[in-house]
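Undergrad: After the structure tokens below, expect a handful of questions from me.
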Amino acid sequence: MKIRNAELRDLNAIVDIYNASIPSRIAAADLEFISVESRISWYQEHSSDSRPILVVELDNKVIGWLSIQSFSGRPVYKATAEISIYIAPKYQGQGIGKKLLSEAINLSPKLGIKTLLGFIFAHNIPSLNLFKKFGFERWGYLPKVGDLDGNTADLVIVGIHVEE
């Protein structure tokens, strides 16, 4: 198993993994499947030296990914980034999210990132527990801001300051 920067050729797998998370209504904020074409500009907004997308590869197959994106386009927030993690269903619960989150935290100072944030549905207990294990604290709670097929969803904002 290895972690590496995503390449354009990985976009199909990235989208497949993301789409696999949509039906459960636990992690993804989309209600319908997305297309690879709809994610090309998202992919292009990332760069390995500042806002990377990392993939986990096992036997030459992408089985999970993490993206680091800017929290805001405003200059005052340039050292703050948001993390998203998605693991293929077959590989969830096997420590892959831990490896990706650890890698992101370790990379952050080299990327000029001092603060990492996660935006997680309150009912996504596995993700909340994962981030908590790495020292993320609850920094915000937005009640009933999401609508998942007529059911409201609360959003938890977790954060951590990374040391240089």
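The values are calculated or read from the model by the stated rules, or taken from the named source; none is laboratory data. Not measured: the values here are computed from a predicted model. Glycine also receives a Cβ, built like all others from the backbone with ideal geometry; neighbour counts cover every protein chain displayed.
Undergrad: Could you please give the count of residues in region 101-129 that are farther than 17 Å from Thr80 by Cβ, hydrophobic (A, V, I, L, M, F, W, C) and free of Cβ contacts under 8 Å to residues at least 40 places away in the same chain?
TA: Number satisfying all stated conditions: 3.
Undergrad: Return the residue satisfying two criteria in turn: it lies in region 58-70 and is in contact with a Phe, Trp or Tyr (Cβ under 8 Å, 6 or more places away or on another chain) and within 15 Å of Ala20 (Cβ to Cβ), and of such residues it is surrounded by the fewest Cβ atoms within 10 Å (Cβ to Cβ).
TA: My answer is Ile63.
Undergrad: Quick one: in region 71-84, of everything that is closer than 19 Å to Ser47 by Cβ and exposed (fewer than 12 other Cβ atoms within 10 Å of the Cβ), which residue is modelled with the lowest pLDDT? I'd like the intermediate steps shown before the answer.
TA: Just the residues of region 71-84 that are closer than 19 Å to Ser47 by Cβ, to begin with: 71-75, 77-84.
Okay, now just the ones that are also exposed (fewer than 12 other Cβ atoms within 10 Å of the Cβ), so 72-75.
Numbers: Ser72: 92, Gly73: 89, Arg74: 95, Pro75: 94.
The residue in question is Gly73.
Undergrad: Does Ala13 qualify as being crowded, with 17+ Cβ neighbours inside 10 Å and not charged (D, E, K, R)?
TA: In short, yes.
Undergrad: Follow-up. Given the conditions (1) at pLDDT 95 or above; (2) under 25 Å from Ile113 (Cα atoms); (3) not hydroxyl-bearing (Ser, Thr, Tyr), which single one is not true for Ala27?
TA: Here Ala27 meets the rest and fails (1).
Undergrad: Being out of contact with any Phe, Trp or Tyr (no Cβ under 7 Å at 6 or more places or on another chain) and buried (at least 18 other Cβ atoms within 10 Å of the Cβ) is the filter here; which residues of region 85-98 pass it?
TA: Of everything in region 85-98, those that are out of contact with any Phe, Trp or Tyr (no Cβ under 7 Å at 6 or more places or on another chain) and buried (at least 18 other Cβ atoms within 10 Å of the Cβ) turn out to be Ile85, Ile87, Ala88, Ile96, Gly97.
Undergrad: Then there is this: Against the conditions (1) of a type in the set (D, E, K, R); (2) within 13 Å of Arg4 (Cα to Cα); (3) surrounded by 15 or more Cβ atoms within 10 Å (Cβ to Cβ), where does Asp49 fall short? Just the number, please.
TA: So the condition that Asp49 fails would be (3).
Residue by residue, here is whether (1) of a type in the set (Phe, Trp, Tyr); (2) in contact with an Asp or Glu (Cβ under 7 Å, 6 or more places away or on another chain) holds:
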position: Leu117; (1), (2): no, yes
position: Ile120; (1), (2): no, no
position: Leu130; (1), (2): no, no
position: Lys133; (1), (2): no, no
position: Arg138; (1), (2): no, no
position: Tyr141; (1), (2): yes, yes
position: Asp154; (1), (2): no, no
position: Glu163; (1), (2): no, no
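Undergrad: Can you work out which of the residues in region 108-132 that are β-branched (Val, Ile, Thr) and in contact with a Leu (Cβ under 9 Å, 6 or more places away or on another chain) is surrounded by the most Cβ atoms within 10 Å (Cβ to Cβ)?
TA: Filtering region 108-132 for residues that are β-branched (Val, Ile, Thr) and in contact with a Leu (Cβ under 9 Å, 6 or more places away or on another chain), the one surrounded by the most Cβ atoms within 10 Å (Cβ to Cβ) comes out as Ile120.
Undergrad: For region 119-157, enumerate the residues that are within 18 Å of the chain's Cα centre (by Cα) and either in a loop (DSSP other than H, G, I, E, B) or of a type in the set (Val, Ile, Thr) (or both).
TA: Ile120, Ala122, His123, Asn124, Ile125, Phe134, Gly135, Phe136, Val156, Ile157
Undergrad: Looking only at strands (runs of 3 or more DSSP E) that lie completely in region 10-118, which have at least 3 residues being under 20 Å from Phe136 (Cα atoms) and within 15 Å of the chain's Cα centre (by Cα)? If you could, list the steps in order and put the result at the bottom.
TA: Details: elements: 53-58, 61-70, 80-87.
Per the criteria, 61-70, 80-87.
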